[in-house]
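What follows is one structure encoded as structure tokens, with my remarks underneath.
The values are calculated or read from the model by the stated rules, or taken from the named source; none is laboratory data. Small disclaimer: the values here were computed from a predicted structure and weren't measured. For neighbour counting, all protein chains shown are included, and Cβ atoms are generated from backbone atoms with ideal geometry for every residue, glycine included. Surface accessibility is based on the protein's heavy atoms, side chains included, excluding ligands, DNA and RNA. Shrake-Rupley method; radii C 1.70, N 1.55, O 1.52, S 1.80 Å.
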Amino acid sequence: MRILIVFLLYVSVCFSQKQHEGLIFDKDEKKPLEFVSIFNSKNHTVSNEDGRYLFSSKQDSIYFYKTGYKKIKTTLIHLKDTIYLEKNPLELDEVVVTNAKTLFQKIGDSIQSNYLFEPYNEKFFLRCVLRHNDTITRIQDLQGKLRRKTLLYGPGMELTNKDYTIELTNMRKVGLTHDSKNIYFEFPTFFGMLSNFARINATGDGFEMTEKSIENGAKTKWSFTGKTSAGIISGYYLLNMKNNAIEYLVINGDLPNNPYSSDKKFKYKTTFYKVEVFFTKNKTNNKYTISLGRLSANIETTDKEHSYTSNYNSEFTFTTSNSFENFSVKKNVSPTKDIFKIKYKYDEAFWRNQNQLLLTNEMMQFITKVKDNKEFKVKTNIK
């Protein structure tokens, strides 16, 4: 059986390469912070689920930023091994009940100045993680180049699988192909994943919306909620009030009443999904790009007799860099192929030194456990 998900998002003062590995925590709660942006004008990385990061740069300056927290500016020379980010105090105005037309009118009036509606290149990093009954069963990291037809799609613009040209330059994967019930969990395609990040209109008729002014009026949070026969769709947009650009979008689908789909002896359904998209303005041309996106879903499986219940959780984290730069992108991967079935050689030196998104302790333990264990039916390119 196959399950296919369809989603509705060395310290030195010289000019040599400097590298620092550290941890980032919430100052009040003392918990690790994921997806903190660590960057300067030339380099960028993000923290993983453990709050760990590895940052390499020829420059000495370094910034730490996460939405809802105060930005920290320091240097690699003075950087401590553990950073604590402080929550940004929010001054909330009175909640105003409104409608989607007001929001999308603001976005639409400035969309041409905020986003690029023509082809451009960028580099990407993609992490795919699959859990079965809360235990990791598959990990895949891919790094490469991407050419987009456009970032967003306006009226009259058709979305097709030819809109993405992908050149894979590095990949590592290790994971179980089938579970104990002989179920193969199918990963999405590049086209399916990327096209979901390109759709920013998450609302429709019957959605209730509220508006809150935050950060002393610098940003507006537009929250939405709507009911369907399967459950509740909710989320919010974070809008920059200076230019009416979306800086963050999250969509949650809580679907307890979603009907099952059937495949021979088995049945499956999506019970929850989440799409997150972070937009960042490029300093070269002042256009926004998707700097980070994440798709996740919970899938429930059973048999025709409902004699058992099994749960999968899939998560796909996508980051970009070098947007709008002029470099060649030579297609070597189909955008419509199951990502886990992609074949590419393993480069040990690259993965030993990469700093885009470190493996968590849980992930490293899983790789050690299954890679050389003949008990598991493992598909891997790590030799």
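Among the residues of the range 315-346, those that are in a loop (DSSP other than H, G, I, E, B) and buried (at least 20 other Cβ atoms within 10 Å of the Cβ) comprise 323, 335, 342.
If we keep just the residues of the range 347-376 that are more than 17 Å from residue 171 (Cα to Cα) and of a type in the set (Lys, Arg), which is surrounded by the most Cβ atoms within 10 Å (Cβ to Cβ)? So, considering only residues that are more than 17 Å from residue 171 (Cα to Cα) and of a type in the set (Lys, Arg), the one surrounded by the most Cβ atoms within 10 Å (Cβ to Cβ) is 369. For residue 56, the test of being small (Gly, Ala, Ser), modelled with pLDDT under 90 and in a strand (DSSP E or B) is passed.
Scanning the range 296-305 turns up no residue that is of a type in the set (Val, Ile, Thr), touching a strand residue (DSSP E or B) at 6+ places or on another chain (Cβ under 6 Å), part of a strand (DSSP E or B) and open to solvent by 20 Å² or more (accessible area, probe 1.4 Å). Here residue 259 meets each of (1) within 23 Å of residue 313 (Cα to Cα); (2) buried (at least 16 other Cβ atoms within 10 Å of the Cβ); (3) more than 21 Å from the chain's Cα centre (by Cα) with one exception, condition (2).
When the range 24-52 is filtered for residues that are open to solvent by less than 60 Å² (accessible area, probe 1.4 Å), part of a strand (DSSP E or B) and farther than 19 Å from residue 129 by Cβ, the ones remaining, listed by number, are 24, 25, 26, 37, 38, 39.
Output yes when any residue across the range 189-209 is farther than 19 Å from residue 271 by Cα, in a strand (DSSP E or B) and not polar (S, T, N, Q), and no when none is. Yes - at least one qualifying residue is present in the range 189-209.
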